[in-house]
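Take a look at the structure below.
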Amino acid sequence: MLDNNNLHDIYLALGSNLGDKKKNIDLAIAQIELHIGQVTALSSLYETLPVGFDSENSFLNAACRVSTRLQPLEVLESTQLIEKELGRKSKSVNETYSDRIIDIDLLLFDNKIIEYPHLVIPHPHLHERDFVLTPLVEIAPDVYHPIFKVTISELKNKLNN
């Protein structure tokens, strides 16, 4: 079991393709600070095309590192609450994606491999998504992926080759 007294380094991916996208991400970061922990690194914003569905709305994506005392399921619960507070109506169902005001995904939790029925860490699609790896490599190039046993930089390089 993870120790509640220790601080954990977690990495979150953020995305928005509806409304004032930059404001949505800024509001999400502020809520992360309130509900999850101190944001210790924040990437630049990257404009990307939707992946997995068709939309006329491009995304803004970012990644952040957060120092937290929360456990993985508590982080998940908090990110879902933040999404709902910011106006997100529903999560994807059976990986059917749609436009969203805000999306917050838990990518990494320390260097742990964690599997719950509705939460897998590292995020199972992390290595396949340039829109996640590009901002993540900016703030965590040397962070090790505990399953693939390579750095985030190496994952990004493999994806682009």
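The values are calculated or read from the model by the stated rules, or taken from the named source; none is laboratory data. Being a predicted model, the structure only gives us computed values, none of them experimental. Glycine also receives a Cβ, built like all others from the backbone with ideal geometry; neighbour counts cover every protein chain displayed.
Of all residues in segment 17-50, which are at pLDDT below 95 and in a strand (DSSP E or B)?
Result: E47, T48.
Looking at segment 4-32 only, could you name the residues that are in contact with a Ser or Thr (Cβ under 7 Å, 6 or more places away or on another chain), crowded, with 16+ Cβ neighbours inside 10 Å and farther than 22 Å from N57 by Cβ?
H8, D9, I10
Going by the structure shown, is K91 modelled with pLDDT of 95 or more and either under 24 Å from I29 (Cβ atoms) or part of a helix (DSSP H, G or I) (or both)? Break it down into steps so the answer makes sense when it comes.
Numbers: modelled with pLDDT of 95 or more: no; either under 24 Å from I29 (Cβ atoms) or part of a helix (DSSP H, G or I) (or both): yes.
Against the criterion (modelled with pLDDT of 95 or more and either under 24 Å from I29 (Cβ atoms) or part of a helix (DSSP H, G or I) (or both)), K91 does not qualify.
Evaluate the following for L76: is it in a strand (DSSP E or B), within 13 Å of the chain's Cα centre (by Cα), surrounded by 13 or more Cβ atoms within 10 Å (Cβ to Cβ) and at negative phi?
Details: in a strand (DSSP E or B): no; within 13 Å of the chain's Cα centre (by Cα): yes; surrounded by 13 or more Cβ atoms within 10 Å (Cβ to Cβ): yes; at negative phi: yes.
Against the criterion (in a strand (DSSP E or B), within 13 Å of the chain's Cα centre (by Cα), surrounded by 13 or more Cβ atoms within 10 Å (Cβ to Cβ) and at negative phi), L76 does not qualify.
Among residues belonging to segment 33-66 that are in contact (Cβ under 8 Å) with a residue 24 or more places away in the chain and over 20 Å from L133 (Cα atoms), point out the one that is surrounded by the most Cβ atoms within 10 Å (Cβ to Cβ).
I36
Within the group L133, L155, L81, which residue is part of a helix (DSSP H, G or I) and in contact with a Lys or Arg (Cβ under 7 Å, 6 or more places away or on another chain)?
The match here is L133.
Look through segment 117-153, keep the residues that are farther than 15 Å from L14 by Cβ and either among the basic types (K, R) or touching a His at 6+ places or on another chain (Cβ under 8 Å) (or both), and return whichever of them is modelled with the lowest pLDDT.
By that ranking, first place goes to H127.
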